[in-house]
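The values are calculated or read from the model by the stated rules, or taken from the named source; none is laboratory data. Please read all numbers here as calculations on a predicted model, not as lab measurements. Cβ placement follows ideal geometry from the backbone for every residue including glycine, while neighbour counts extend to all protein chains displayed. Keep in mind that these areas ignore ligands, DNA and RNA; they rest on the heavy atoms of the full protein, side chains included. Shrake-Rupley method; radii C 1.70, N 1.55, O 1.52, S 1.80 Å.
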Amino acid sequence: MTTIVQKFGGTSVGDTDKIKRVAQRIKQRMQEGHKVVTVVSAMGKSTDRLVELADEITEEPDPREMDMLLTTGEQVTISLVVMALKEIGVEAVSLTGWQAGIVTEEVHQDARIKDIQTETLEQHLDDGKAVLVAGFQGVSEEGNITTLGRGGSDTTAVALAAALDAETCSIFTDVTGVYTSDPRYVKKARQLGSISYDEMLELAHLGAGVLHPRAVEFAKNSHVKLVVCSSMEDVEGTIVEEEATMEQNLTVRGLAFEKNITKVTVERLPNHFDTMSNLFKLLADEGISVDIIIQQMTADHGVNVSFSVDSSHLSKTLELIESAKETLCYSEVRHESMLSKVSIVGSGMISNPGVAADMFKVLAEEEVAIKMVSTSEIAVSAVVPEEDMIRASEALHSHFGLDYQEQKKIELAKQA
Ligand code: ASP
Ligand code: MG
């Protein structure tokens, strides 16, 4: 008997009819002879609603209490799914994070899983029960309830799949799989048959919301076969695996974008060994993560440093830099908001020079201003004005052969 893990996201358990449908799916998989562990998210947008409640009370909710609050959402879902299973004659049991043996670091709101003690889980599976595990939560060694960061139920599922040596980990969601880009914005985006862990990891980090980045990292490190598929339609999903075969003639597999980026420039810093370290330590100590960094010499031997931050961290960033003006010894700090980041990703880039040049040419033709650039082995990102983000993405999507019709054309040409 093989074990499988499946995860249903918030929209897939958004109301009681959908919960009944999830129960039917679980029953079906059990009848096929599998041991089934199911991870669920909170119903619909209920986590957002819990966050709003906290916001109505305080501007800075206590992180421990926030975890206590947010984990209730998933607890609602596991119990309802178990009730629905019992209604259709399936023995089932619900487990919160700590009951399922999910031990995390002592960190609130963004904890990492340290260990999963699978005895209880395995006992229930051996007893022939469907096991429902609350996503996104665990317990620290000190006994506090923790959460894995927003979207963290994916990570719960992958971690359980690794710990139980499951055959597959299926992530059921409201789309039919992983797309070349977000189909809500890029109209010609199409679904991929497969994608490599590395590409998926880049896309997830660069703004594709379909999978939690940490879940992909976990799947890669533990070699968990991950399938992203629809909870509504019975169609084939996307497999995330070690080596996905690149479609012919393509170097780029996907395109991601994200908004709310601000570029901050600190002008005329002294050209000392410790300038960069002093500046960025200031931000790091306050937990502000910086993305792209550019350093430039000025004509009079000083340095200008530009970097990008999430716009929500702008006021804190400026405050910190301004309060350290004396020690940092710069002349001025400027910023530019309403920016976005558009990124192309594909393992085919490794062996194809000129992808970045191509990207810049497309952006030039579209008259999109490039504010900053960063590259990795398999990705190129450009920071561009937010108002140009979708237009730039669509142009790049077409240029790199990702469009729905483009691919059809390439396939037909191959057949001819
Ligand atoms: N309910 C949590 C959230 O909305 C976790 C998840 O859905 O993955 O972030
Ligand atoms: Mg999600």
inquiry  = What is the angle, in °, between the Cα long axis of helix 16-31 and the longest principal axis of the Cα atoms in the chain? Nearest 10 is fine, range 0 to 90.
reply    = 70
task = Answer with one residue from P213, T176, V224: the one whose Cα lies farthest towards the positive end of the charge dipole of the stretch 172-225, charges on Cβ with Lys, Arg +1 and Asp, Glu -1.
result = T176
message = Per residue, how large is the accessible surface of the chain? Use a 1.4 angstrom probe and give square angstrom.
response = 48
task = Could you run the Karplus curve 6.51 cos²θ - 1.76 cosθ + 1.60 with θ = phi - 60° over the stretch 163-170 and give me ³J(HN,Hα) per residue in whole Hz, x for Gly and Pro?
result = 5, 9, 6, 6, 5, 9, 10, 9
ask   = Roughly what % antiparallel, to the nearest 5, for the DSSP beta bridges in the stretch 89-178?
value = 50
query = Antiparallel as a % of all DSSP beta bridges within the stretch 50-205, to the nearest 5?
reply = 55
query = About its Cα centre, what dipole magnitude does the stretch 42-114 give when the only charges are +1 on Lys and Arg Cβ and -1 on Asp and Glu Cβ, stated in debye to the nearest 20?
reply = 500
query = Just how large is the dipole of the chain about the Cα centre, in debye to the nearest 20, putting +1 at every Lys and Arg Cβ and -1 at every Asp and Glu Cβ?
reply = 1180
Under 5 Å, built H, 5+ apart or other chain: amide partners of R268 = V303, N304, V305, S331
query = Angle, helix 355-365 long axis vs. longest principal axis of the chain, Cα atoms, 0 to 90°, nearest 10?
reply = 70
inquiry  = Cβ neighbours within 10 Å, averaged per peptide: list 127-135, 50-58 in order, most packed at the top.
reply    = 127-135, 50-58
note = Averaged over all viewing directions, the convex hull of the alpha carbons in the stretch 262-325 casts a projected area in nm² of 4.0
ask   = So what is Rg over Rh here for the chain, counting just Cα atoms and using Kirkwood for Rh?
value = 1.01
ask   = Given only helices, namely DSSP H runs of n ≥ 4 each adding -39500 (n - 2.57), what is the per-residue ellipticity at 222 nm of the chain, to the nearest 500 deg cm²/dmol?
value = -11000 deg cm²/dmol
query = If you rank E119, E202, E286 by how much accessible surface each has, with a 1.4 Å probe, what is the order from largest down?
reply = E119, E286, E202
ask   = What residue among T11, N304, M372 has its Cα farthest toward the positive end of the dipole of the chain, where the charges are +1 on Lys, Arg and -1 on Asp, Glu, each on the Cβ?
value = T11
query = Of the beta bridges DSSP finds with both residues in the chain, what % are antiparallel, to the nearest 5?
reply = 60
query = Counting pairs of Cα atoms in the stretch 95-230, how many percent are more than 22 Å apart?
reply = 39
key: Relative packing of 266-275, 207-216, which averages over residues the other C-beta atoms within 10 Å, highest first   = 207-216, 266-275
key: Built amide H within the under 5 Å cut-off of S170, gap 5+   = V5, Q6, K7, V227
query = Of K220/K263; K20/K259; K18/K129, which ones are farther than 30 Å apart at the Cα?
reply = K220/K263; K20/K259
message = What percentages make up the Cα-Cα pair-distance distribution of the stretch 229-303 when the bins are 5 Å wide from 0?
response = 3, 9, 13, 13, 11, 9, 9, 10, 9, 8, 3, 2, 1
ask   = Could you give me the ³J(HN,Hα) list for the stretch 278-286, computed from phi with Karplus coefficients 6.51, -1.76, 1.60 and θ = phi - 60°, whole Hz, x at Gly and Pro?
value = 5, 4, 7, 5, 3, 7, 4, 4, 9
request  = Choose one answer from P385, P353, P63: the residue with the largest mean-square fluctuation in a GNM of the chain with alpha-carbon springs under 10 Å.
outcome  = P353
task = Step through the residues of the stretch 7-12 one at a time and calculate ³J(HN,Hα) from phi using the Karplus curve (6.51 cos²θ - 1.76 cosθ + 1.60, θ = phi - 60°), rounding each to whole Hz and writing x for Gly and Pro.
result = 10, 10, x, x, 5, 6
Pairwise centroid distance, computed over Cα atoms, of the stretch 112-152 with the stretch 323-395, Å = 39
ask   = Relative to the longest principal axis of the chain, what angle (0 to 90°, nearest 10) does the C-alpha long axis of helix 314-323 take?
value = 50
request  = Please state the charge dipole magnitude for the stretch 21-158, taken about the Cα centre, from unit charges on C-beta atoms (+1 on K and R, -1 on D and E), reported in debye and rounded to the nearest 20.
outcome  = 940
